[in-house]
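Heads up: the structure comes next, in structure tokens.
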Amino acid sequence: MKKVALVTGSSRGIGRAIAIRLAKDGYRVIVHGAGNVDKANEVKDIITSNGGEAEVITADLCDLKATKDFCSKLKTIDVLVLNASVQIRRPWNEISVEECYSQLNCNFVSSMLLIQAVAENMKKNKWGRIVTVGSVQEAKPHPDMLVYSASKAAQTNMVTSLSLQLAKDGITVNNVAPGVIYTDRNIEALSDPVYAKKVTDSIPVGFYGEPDDCAGIVSLLCSEEGRYITGQSIYVDGGKSVQ
């Protein structure tokens, strides 16, 4: 029987690339979206047309009740990739409480709840893979993304803690921190040539990443070859975090 991988926020961007890659690796993939079923079904169709297995599930992970309902419906999950996030650009002194909670709930609290929901079966099976998708902003916070960068840092701190607590059960817990990845989230900002040059000048390799650049390392961490890697935060950022 195929192992099952749940990839949150996999109807687009980095999550989409990860879902497609894990399906190629032989996992049955649960494609998750916040509500755009058409986009999620596109990913499912790509997977199934290539001989893989996939299903679609939707839930708004900014809403804690919806997240709890989502968790209650999950069966055995062997691989959990926590990619869904909310990113709001706003000067720090203009952030509303609502915007703060929206980002914290999606980027951190929902991750904790989903790990709580799947970890018990992973323990029973003495095998599991948990990968969070963080951000280069853990090391280089953007001045207009205070809550986003803080929530990603909190998520990675959770990875460090849980990796020690779950290691004896055959469960690895790691974080992958992308840098500037060309996805629909960044298209508008990067369409400004002045801003785009400023961004590329800040990346040592001199170019943006693509979603597939993140999928490869997640594939490794979820495989048997990655069994000896846990508690790590791996930057996929063209060197931006070390500059």
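The 3J(HN,Hα) values that the Karplus relation (6.51, -1.76, 1.60; θ = phi - 60°) gives for region 101-106 are, in residue order, 5, 4, 6, 5, 5, 6 Hz. Gly and Pro appear as x. Close amide H partners of Gly231, meaning residues 5 or more places away or on another chain with modelled amide H under 5 Å apart, are Val173, Asn174. In sequence order, region 122-129 has phi-based couplings of 4, 4, 4, 7, 6, 6, x, 10 Hz under the Karplus curve 6.51 cos²θ - 1.76 cosθ + 1.60, θ = phi - 60°, and Gly or Pro positions carry x. With all protein chains in place and a 1.4 Å probe, the accessible surface of region 9-58 carries 39 percent carbon and sulfur. Of Lys123/Lys240; Lys39/Lys123; Lys3/Lys152; Lys124/Lys240; Lys3/Lys140; Lys24/Lys198, which ones are farther than 29 Å apart at the Cα? Among Lys123/Lys240; Lys39/Lys123; Lys3/Lys152; Lys124/Lys240; Lys3/Lys140; Lys24/Lys198, the Cα-Cα distance tops 29 Å for Lys123/Lys240; Lys39/Lys123; Lys124/Lys240; Lys3/Lys140; Lys24/Lys198. In this rough spin-label picture, where each label sits 7 Å from Cα along the Cβ direction, the Ile229-Glu120 distance is 3.1 nm.
For region 221-234, the Karplus equation 6.51 cos²θ - 1.76 cosθ + 1.60, evaluated at θ = phi - 60°, returns couplings of 5, 8, 9, 5, 5, x, 5, 9, 10, 8, x, 9, 10, 10 Hz by residue, with Gly and Pro reported as x. Amide H contacts under 5 Å for Ala177: Gly134, Ile234, Tyr235, Val236, restricted to partners 5 or more places along the chain or on a different chain, H placed in the peptide plane at 1.01 Å from N. The order of Arg12, Arg227 by accessible area, most exposed first and with a 1.4 Å probe, is Arg227, Arg12.
Rounded, prolate or oblate: which one fits the chain, using the alpha carbon gyration tensor with axes a ≥ b ≥ c (rounded when a/c is under 1.5, else prolate when a/b beats b/c, else oblate)?
Note, shape of the chain comes out rounded.
A simple charge model with +1 on the Cβ of Lys and Arg, -1 on the Cβ of Asp and Glu and nothing else charged puts the dipole of the chain at about 700 debye relative to its Cα centre. If I build a Gaussian network model for the chain, linking alpha-carbon pairs within less than 10 angstrom, which residue out of Ala119, Ala215, Ala189 has the largest mean-square fluctuation? Result: Ala189 has the largest fluctuation of those listed. Rolling a 1.4 Å probe over the protein chains gives Ser191 an accessible area of about 80 Å². Probing with 1.4 Å while keeping every protein chain in the model, the per residue accessible area of the chain equals 49 Å². Placing unit charges on each Cβ (+1 for Lys and Arg, -1 for Asp and Glu) gives region 61-170 a dipole about its Cα centre, and among Tyr148, Leu74, Val159 the Cα reaching farthest toward its positive end belongs to Leu74.
The values are calculated or read from the model by the stated rules, or taken from the named source; none is laboratory data. Keep in mind it's a predicted model, so treat the numbers as computed, not measured. Don't worry about glycine lacking a Cβ; one is built from the backbone with ideal geometry, like all the others, and counts go over all protein chains shown. The accessibility values were calculated without ligands, DNA or RNA, using every heavy atom of the protein model including side chains. Shrake-Rupley method; radii C 1.70, N 1.55, O 1.52, S 1.80 Å.
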